[in-house]
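Accompanying notes for the structure given below.
Any read-out appearing in this document is the output of simple, stated calculations on the displayed coordinates, not a laboratory observation. The model shown is predicted, which means the values in this text are computed figures rather than measured ones. All Cβ positions, glycine included, derive from the backbone under ideal geometry; neighbour counts span all protein chains shown.
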Amino acid sequence: MLEALVVLLLSALIFQALLLSAYLVTRSSAATTREVQNVERLATGLTALRRDLSEIAAIKTSERPGAPLLFYGSEQAIGLATGSASDQLVWISVRSGDLVRSSTARLPSTTGFEQARAANPTAVLQGKWDYRFSFAENTEKGVIWTSSWFDRPRLPDIIRLQIATRSNARQAPLTLVVSPHVDPPRLCPEGETCEGEPDAT
């Protein structure tokens, strides 16, 4: 009788250990799946952002000398004009913890991003991350970084987006760095086609 009780007790311990092992394997598998999905979402979002940033156009907001370009940059938002076949205004900003993008057609008389900001936003990056833009210019003293860039007659030489994980503050942020390659600033007078103006500055 005693031997039977010992066997039953050992069987119960083994069964409990098997249940615990199965739970840990399932939990680990789910965590791995979530991590893979996060990486895929990041890769897709960063590809879309890189595409937008690579299509930046240097559009002057007026004809006066030294007029600022149609570009806005802060730690939480960036507004840009694209020079693709369908000229657009693009607004990318942090809203409710997500990085969202909205865009609208760019009219020749456009000087700001009000219409793009009001357009229907689409989430580019979602997840437990914090986002921060920064901007840099190359000078004789080296690269100088700043947290904002607007009302300037030139575009930043470097645009950087840092994506930090909220759950692990010690983990180094993922960084997207783009160096815009743009043509000389263009003017878009009312009713005329945008054309390059190398001497616009």
Extension length gain for Ser167 and Glu75 (0.36 nm per residue less Cα distance), in nm, is 31.1 nm
Placing each pseudo-label 7 Å from Cα in the direction of the beta carbon, Arg95 and Arg132 end up separated by a distance in nanometres of 2.4
So the FRET efficiency between Thr139 and His181, C-beta based with R0 = 25 Å and rounded to 0.05, is 0.85
With 0.36 nm assigned to each residue of separation and the Cα-Cα distance removed, Ala12 to Ser147 gains 42.4 nm
Here the Kirkwood hydrodynamic radius of segment 45-196, Cα-based and in Å, equals 16.0
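Give the peptides 51-60, 158-167, 99-108 in descending order of average Cβ contacts within 10 Å, highest first. Let's see the in-between values first.
Details: 51-60: 19.8, 158-167: 16.2, 99-108: 18.1.
Ranked by mean Cβ neighbours within 10 Å, highest first: 51-60, 99-108, 158-167.
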